[in-house]
Amino acid sequence: MIVRIIAWLRGHMFFVKIVCIAVLIGLIVGDLFVPRHHPHFLGDIIPGFWAGFGFIACVLIIIISKWLGTAFLFRPDTYYSANDAKPSEGEMK
Amino acid sequence: MIESLHAGSFFFHPALLFFLGACILPFIKGWVRNVFIIAVPLLSLALVMVLSYGTHWQVQIAGVDITFGRVDRLSLVFAHIFCLMSVIGSLYGMHLKDNWQHVAAWGYVGSAIGCTFAGDYLSLFLFWEGLMITSVCLVWLRGTEESLRAGYRYVLVHTFGGLCLLAGIFILYFKTGDLSFGPMVEGVPVAAWLIMIGFLLNAAVPPLHAWLPDAYGSATVVGSVFMCAYTTKTAVYTLARAFAGYDILIPLGVAMALYGVVYAVLENDTRRLLSYHIISQVGYMVAGVGIGTEMAINGACAHAYAHILYKSLLFMGVGSVVAVTGRSKFSELGGLWKYMPWTFVFTLIGGLSISAFPFFSGFVSKSMVIAGAWQDHLMWAGLLLTLASAGTFLHTGLKVPYFIWFNREEPPFTPPKSEAPWNMLAAMAIAAYFCIMLGCNPNFLYSMLPYPVDYHPYTAAHVMESYQILLFTMLGFFLLLGKLKPKALIGLDIDWFYRKGSVKFMAFCRNVPAAIDNTFITNLHKTVALPLLRFCSRMSSWHDTKVVDGFVDGSADRVLRLSRYLRPFAQPGSLSKYLAGMLTFLATTVLAAVTLALY
């Protein structure tokens with residue numbers, strides 16, 4: 001049953017995308033009509049603030065993490081195993 | 001209704017059920033064993049529901065009060081979820097032929113429950129170490145070289161934490177003479193810091209966190225399902241008990257929440273990614289404990305409760321994939337949607353719950369912590385925690401399902417013939433049910449929290465805010481999908497210092513001191529030590545020949561000469577001369593005596 005549903009969705013990708021975009025637009029438009037009781041922060045005043053926040057947060061997290069990874073942290077995934085196998089060799093590269 | 005169940009004075013320690021059960025389990029077989037595996041956790045869950053408030057099972061050992069059964073609202077909410085989780089985890093592992101995993105897991109659960117009911121630091125420490133010993137068995141039972149090594153690292157790191165805790169307990173006892181486990185007393189800063197370090201290590205607060213992805217990524221499939229629930233949440237409980245309102249915990253918790261998110265981007269191993277998200281999620285709880293208001297403590301407890309359910313659900317989903325396909329790396333997975341659809345649905349429910357989608361469990365608990373931060377005017381904390389929750393959805397809600405079940409048309413290996421075993425699916429279904437149930441009926445959870453709850457998560461503004469953040473995160477994910485393609489890489493973490501650092505240290509020992517020994521010390525021997533020794537021996541030889549021999553020989557020479565002078569008188573050699581000498585001596589003596597007598 002689930003396989004059939006997923007297969008159908010995958011077969012109608014264009015439709016799925018249109019629905020998703022409609023939902024995203026609907027969220028921003030809908031935000032204009034939401035009552036706000038105890039505004040703590042800009043996000044509780046500006047409509048659509050959290051949409052921008054979510055998008056920017058996602059992009060920032062990916063870019064900063066990837067940068068940290070490529071600049072400093074990435075190693076081949078055999079990094080430790082090569083070391084475990086031959087402890088006398090010191091670092092791999 | 002809940003209150004009336006806990007009235008009276010009934011207490012039987014639920015941990016004892018698990019310990020006894022673990023002793024009996026290896027000796028039973030067949031359907032009896034399967035029933036037993038479910039019955040013991042269920043019985044303990046029922047037991048926790050009817051325990052009476054108060055302190056029970058107190059003994060005095062060497063003048064120190066030991067309390068095994070301190071029951072209050074804070075300990076009950078943790079004991080409740082620990083027992084519920086043990087039902088789910090035991091069901092998940094029921095198909096295993098290997099009873100030892102269940103034995104270790106029950107020992108582990110019992111220790112965690114022991115910690116929650118411990119009323120003093122000594123019994124807490126006892127169960128605290130029990131947690132470590134039993135959980136490392138769950139790592140070692142995987143039986144691979146990698147898990148063996150990871151287990152040893154796990155033991156070493158936790159031994160360090162345990163020793164810090166023990167040192168703190170000793171100092172506390174000698175300063176105050178009191179070992180009761182409650183809010184930390186004032187005036188013993190060293191003890192407080194040491195105890196806190198012990199707790200923070202188990203809560204996996206950076207930089208004391210690297211044991212977590214290391215061990216959980218290497219444990220058995222069932223083992224990691226258990227481990228993701230207990231160690232860190234026990235630590236959250238102890239922090240909430242002893243260090244509620246300690247400001248230092250707020251930045252630590254927020255840093256944790258973000259740290260886990262950043263490292264999750266870099267991770268290629270499914271279970272290690274989920275492990276980093278444990279760190280991230282426990283960050284919310286630690287921050288909540290640090291804020292320390294009733295709302296925030298409630299939030300930390302609620303989040304621990306919800307977290308155990310959805311995180312175990314995620315570990316169960318991913319664990320099923322590992323069990324069925326034997327693979328755990330994103331770069332080796334994909335396209336499984338046709339073959340493991342139910343596992344996909346359950347994992348997705350876990351992903352939506354951890355991401356705090358409205359109507360899933362994370363929404364009603366995580367937002368309490370963030371609301372606690374807003375309420376306490378900690379704007380930066382609230383904002384950064386919200387940022388981390390976007391990252392949570394990015395990875396656990398999107399990356400995990402997408403790269404395991406989609407990404408490719410077909411899996412890059414022979415597709416599995418069937419889904420996971422029925423008991424695994426059933427356990428996932430129960431966890432998924434609770435995830436949705438808590439999201440839709442938060443009062444079930446709120447009624448168990450330590451303080452009365454005056455919080456309503458389902459306001460239009462809050463639901464709108466959550467949907468905006470999450471769905472626009474999804475937009476960002478699909479736009480940047482290319483950047484997230486998994487590669488066979490790992491990200492270095494703090495464990496580098498003891499995994500590579502120890503190798504470097506050994507290499508250093510081999511190279512530097514050995515080189516110093518070979519070149520400098522050897523040369524020193526040749527150029528300084530040997531000539532010095534030779535000089536000394538020459539001097540001693542000269543002294544021997546000139547001084548000692550001169551003295552001895554000289555005195556012998558004198559004696560010889562003197563005796564030669566005396567010889568003609570003392571030893572003349574003829575009887576007449578001896579006689580003459582003796583008579584002379586006698587005559588002289590008599591003469592002298594007569595002379596003396598006369599005068």
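Read the figures in this text as sums done on the coordinates, not as results from a lab. Small disclaimer: the values here were computed from a predicted structure and weren't measured. Note: ideal-geometry Cβ built from the backbone for every residue, glycine included; neighbour counts use all protein chains shown.
Taking 0.36 nm per residue of separation and subtracting the current Cα-Cα distance, fully stretching the chain between B:W422 and B:A570 would add 41.0 nm. Helix B:575-598 and the long axis of chain B differ in direction by around 90°, with both axes built from C-alpha atoms. Shown is the FRET efficiency for B:T522 and B:A556, computed with R0 = 51 Å from the Cβ-Cβ distance and rounded to the nearest 0.05: 0.65. A straight Cα-to-Cα reach below 30 Å connects B:K526 with the lysines B:K546, residues fewer than 8 places away in its own chain not being considered.
Charge dipole (Cα centre; +1 on Lys/Arg Cβ, -1 on Asp/Glu Cβ; no other charges) of the range B:1-234 amounts to roughly 500 debye. Per-residue mean of foreign Cβ neighbours for A:65-75 is 5 (Cβ atoms of other chains, 10 Å radius).
Taking the Cα centre of the range B:164-289 as reference, the dipole from Cβ charges on Lys and Arg (+1) and Asp and Glu (-1) amounts to some 140 debye. Think of the range B:499-589 as having a plus end and a minus end, set by charges on the Cβ of Lys, Arg, Asp and Glu; of B:F585, B:S537, B:V547, B:S537 sits farthest toward the positive end of this dipole.
Extension gain, B:E409 to B:F478, is 23.1 nm, computed as 0.36 nm per intervening residue step minus the present C-alpha separation. Couplings for the range B:253-259, taken from phi via the Karplus curve 6.51 cos²θ - 1.76 cosθ + 1.60 with θ = phi - 60°, read x, 5, 4, 4, 4, 7, 4 Hz in order; Gly and Pro are left as x. Ranked by the mean number of other Cβ atoms within 10 Å of their residues, highest first, the peptides B:29-35, B:238-244 fall in the order B:238-244, B:29-35.
Measuring r between the beta carbons of B:D178 and B:V35 and using R0 = 30 Å, the FRET efficiency lands at 0.10.
Taking the Cα centre of chain B as origin and assigning +1 to Lys and Arg Cβ atoms and -1 to Asp and Glu Cβ atoms, the resulting dipole is close to 2300 debye. Entry note, the range B:1-234: relative contact order of 20 percent, from Cα contacts under 8 Å with a spacing of 6+ residues. Farthest towards the positive end of the charge dipole of the protein assembly as shown, among the residues B:T159, A:P76, B:G130, is the Cα of A:P76, using unit charges on the Cβ of Lys, Arg, Asp and Glu. Between the exposed loop cleavage positions of chain B, defined as GluC sites (Glu not before Pro) in a non-H, G, I, E, B DSSP state with at most 13 neighbouring beta-carbon atoms within 10 angstrom, the longest gap is B:187-408. Between the residues B:I113, B:H6, B:W31, the greatest Cα displacement towards the positive end of the dipole of the range B:1-234, with unit charges on the Cβ of Lys, Arg, Asp and Glu, is found for B:W31. Calculated mean residue ellipticity at 222 nm for chain B: -23500 deg cm²/dmol, from DSSP H runs with n ≥ 4 weighted as -39500 (n - 2.57), summed, divided by the residue count and rounded to 500. Among the chymotrypsin sites (Phe, Trp or Tyr not before Pro) in the range B:458-488, those located in a DSSP loop and surrounded by at most 15 other Cβ atoms within 10 Å of their own Cβ are B:Y458. Note on B:458-467: average number of Cβ atoms from other chains within 10 Å of each residue's Cβ is 6. Taking chymotrypsin sites (Phe, Trp or Tyr not before Pro) across the range B:533-597, none is in a DSSP loop with at most 11 further Cβ atoms lying within 10 angstrom of its Cβ.
If you plug the beta carbon distance of B:L16 and B:W496 into 1/(1 + (r/R0)^6) with R0 = 45 Å, you get a FRET efficiency near 0.60. Here the 3J(HN,Hα) profile of the range B:158-174, calculated from phi with Karplus coefficients 6.51, -1.76 and 1.60 at θ = phi - 60°, is 6, 5, 4, x, x, 5, 4, 4, 5, 4, x, 5, 4, 4, 4, 5, 6 Hz, Gly and Pro shown as x.
Checked against a 29 Å cut-off, the cross-linked pairs B:K175/B:K366; A:K66/B:K504; A:K66/B:K500; B:K29/B:K399; A:K17/B:K417; B:K338/B:K485 give Cα-Cα distances beyond that limit for B:K175/B:K366; B:K29/B:K399; A:K17/B:K417. Across chain B, the relative contact order, built from alpha-carbon pairs under 8 Å that are at least six residues apart, equals 12 percent.
Look at the stretch B:425-433: the mean tally of other chain Cβ atoms within 10 Å of its residues' Cβ atoms is 0. Judged by the mean number of other Cβ atoms found within 10 Å, the most tightly packed of the peptides B:36-47, B:54-65, B:382-393 leads the ranking B:382-393, B:36-47, B:54-65.
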